[in-house]
Amino acid sequence: MTHFLHRKLDSNLPIAARGEGCYIFDTTGKRYLDASGGAAVACLGHSHPAVIEAVIQQIKTLPSAHTSFFTTEPSEALADYLVSRAPEGISRFLTVSDGSVAVETALKLARQYWIERGKPERKMIISRRQSYHGNTLGALSVGGNERRRAPYSPLLSDCVTFIDPCFEYRFKHDGESSEEYGLRAANLLEMEILALGPDNVGAFIAETVVGATTGCVAAAPGYFKRIREICDKYEVLLILDEIMSGMGRTGTLFACEQEGITPDIATVAKGLGGGYQPIGGVFASKKVMDALEAGSNALANGHTYMGHSVACAAALAVQKVIEQDGLLDRVQTLGKQFEQKLISRFGDHPHVGDIRGRGFFWALELVADRNTKETFEPKQKLNELIKTEAQDRGMACYPSGGTADGVRGDHILFAPPYIITESQLDDIVDITAESLNAALSAINKKA
Ligand code: PMP
């Protein structure tokens, strides 16, 4: 019997034994193509020699040193590297242990900003339905993923309100252009700020491209420009969560570069360390830092593993490989080819309602009826069946449910390593088609 506390207590998972490029091998020798890099993590695959070497060197030199006593070369070098490549206005960077803690840190930084400015009443955070920002209680409080919130709702903050997401497939009206919809969706933020009273609102948080909750939903054109305008007008801080979509996943180092805006605070994680170390990060703008400097001149919040040396060394190595090997261009070019492959295989599929994404961040939304966009019944567990069928066929991808409204709907998410080849992308498409059709026939047989 296992003593590991598994996500499903009775699960009989294969034992992952080693990784090589885009593949994971289990202890029986079976090979799995990692089509989603776990949860959009393994951006360089599983055996990159430069990153492994950087980890070995750092752990031999100095595993970690506490940030209240020392600074370290890897943490300074990583911050220099990333801030110099960040959107205009970003001035500082801090690493923490994972994505959820990055979001906690971002929320606390926003709170501290308003305290330093003498406006503690600006305590409200506005977020969006159908979003995810992490599983620690603060991050979960600002998350709009109903299924993940439900069991913990008594413990969550009541300083959070939600507006609808920008989700064209589900929310755009017939006859409305994408631009009109983007504007209408963004204006929901202004309405919410006015309803709460601008003097009570501290920050708005959003995933630049929504990840696992709805499946790779980028905003409609103009949405984030208008969001930035509204935040500026009412002095509300804009926090962008790029934990899934950042660090090259969508084809640019920061997903918000494609929106032409700079956040006041941003979070990253997964592709930051590529899975070689657990690490998350928070970027703060000069505006936020100026308020802290003029006030307490200190960060009010701390964690033991901030600036962890091995984690920072690994992340720096990952980021250098991305740049030196021209992987952002590769994500853009091969990402377009992947899009074409998905469209040509699934564009006419009776149960694929939408194919969406950017770079190497793509999803298929699955529907029972393409005309009405009616979902499958959640109890049919379509997404779980697809996951099992794919894994049986030697591929790990990331299907999820609740796509449409938090309860109903299914999608399959792909986030392959940036080093994936064109023929491996063909394999993803082939195995997905087989797995989807096998899952659908299992459902039909039961019906
Ligand atoms: N924000 C987003 C957008 C995420 O996708 C995730 C992880 N799926 C998190 C936050 C939380 O990150 P972690 O699981 O590393 O705590």
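Check whether at least one residue in region 105-117 is part of a helix (DSSP H, G or I), open to solvent by 30 Å² or more (accessible area, probe 1.4 Å), within 30 Å of residue 65 (Cα to Cα) and within 13 Å of the ligand (Cβ to nearest atom), and report yes or no.
Checked against the condition, which is being part of a helix (DSSP H, G or I), open to solvent by 30 Å² or more (accessible area, probe 1.4 Å), within 30 Å of residue 65 (Cα to Cα) and within 13 Å of the ligand (Cβ to nearest atom), region 105-117 yields no hits at all.
How about region 256-274: which of its residues are surrounded by fewer than 24 Cβ atoms within 10 Å (Cβ to Cβ) and not in a helix (DSSP H, G or I)?
Result: 260, 261, 262.
Looking at region 72-92, I want the residues that are at positive phi and of a type outside the set (Ser, Thr, Tyr) and have a partner that is open to solvent by less than 40 Å² (accessible area, probe 1.4 Å) and not in a loop (DSSP other than H, G, I, E, B) with Cβ atoms under 6 Å, at least 6 apart or on another chain. Which pairs are those?
So the pair list comes out as 89/285.
Just one of 205, 230 is hydrophobic (A, V, I, L, M, F, W, C), open to solvent by less than 10 Å² (accessible area, probe 1.4 Å) and under 14 Å from residue 106 (Cβ atoms); which is it?
Being hydrophobic (A, V, I, L, M, F, W, C), open to solvent by less than 10 Å² (accessible area, probe 1.4 Å) and under 14 Å from residue 106 (Cβ atoms) holds for just one of 205, 230, which is 205.
Quick one: would you say residue 126 is open to solvent by less than 70 Å² (accessible area, probe 1.4 Å) and closer than 30 Å to residue 400 by Cα?
So residue 126 passes the test.
Could you check how many residues of region 275-325 are at positive phi and either open to solvent by 70 Å² or more (accessible area, probe 1.4 Å) or without any contact (Cβ under 8 Å) to a residue 60 or more places away in the chain (or both)? Walk me through it before giving the result.
Step one: list which residues in region 275-325 are at positive phi, which gives 275, 297, 307.
Retained after the next criterion (residues that are either open to solvent by 70 Å² or more (accessible area, probe 1.4 Å) or without any contact (Cβ under 8 Å) to a residue 60 or more places away in the chain (or both)): 297.
Number of matching residues: 1.
Just the residues that are out of contact with any helix residue (DSSP H, G or I) (no Cβ under 7 Å at 6 or more places or on another chain) and either buried (at least 18 other Cβ atoms within 10 Å of the Cβ) or not assigned by TED's automatic domain parsing to the domain that holds residue 109 (or both), please, taken from region 135-161.
Of everything in region 135-161, those that are out of contact with any helix residue (DSSP H, G or I) (no Cβ under 7 Å at 6 or more places or on another chain) and either buried (at least 18 other Cβ atoms within 10 Å of the Cβ) or not assigned by TED's automatic domain parsing to the domain that holds residue 109 (or both) turn out to be 141, 144, 145.
Among the residues of region 35-55, write down those that are away from the ligand (no atom under 16 Å from the Cβ), under 19 Å from residue 278 (Cα atoms) and under 26 Å from the mean Cα position of the chain (by Cα).
Result: 44, 45, 46, 47, 48, 49, 50, 51, 52, 54, 55.
Among the residues in region 190-202, are any free of Cβ contacts under 8 Å to residues at least 40 places away in the same chain and part of a loop (DSSP other than H, G, I, E, B)?
Scanning region 190-202 turns up at least one residue that is free of Cβ contacts under 8 Å to residues at least 40 places away in the same chain and part of a loop (DSSP other than H, G, I, E, B).
Go through (1) open to solvent by less than 40 Å² (accessible area, probe 1.4 Å); (2) not in a loop (DSSP other than H, G, I, E, B) for residue 86 and report which single condition fails.
(2)
The values are calculated or read from the model by the stated rules, or taken from the named source; none is laboratory data. What you see is a predicted model, and the numbers here were worked out from it, not measured in a lab. We place every Cβ from the backbone using ideal geometry, glycine too, and count neighbours over all the protein chains shown. Keep in mind that these areas ignore ligands, DNA and RNA; they rest on the heavy atoms of the full protein, side chains included. Shrake-Rupley method; radii C 1.70, N 1.55, O 1.52, S 1.80 Å.
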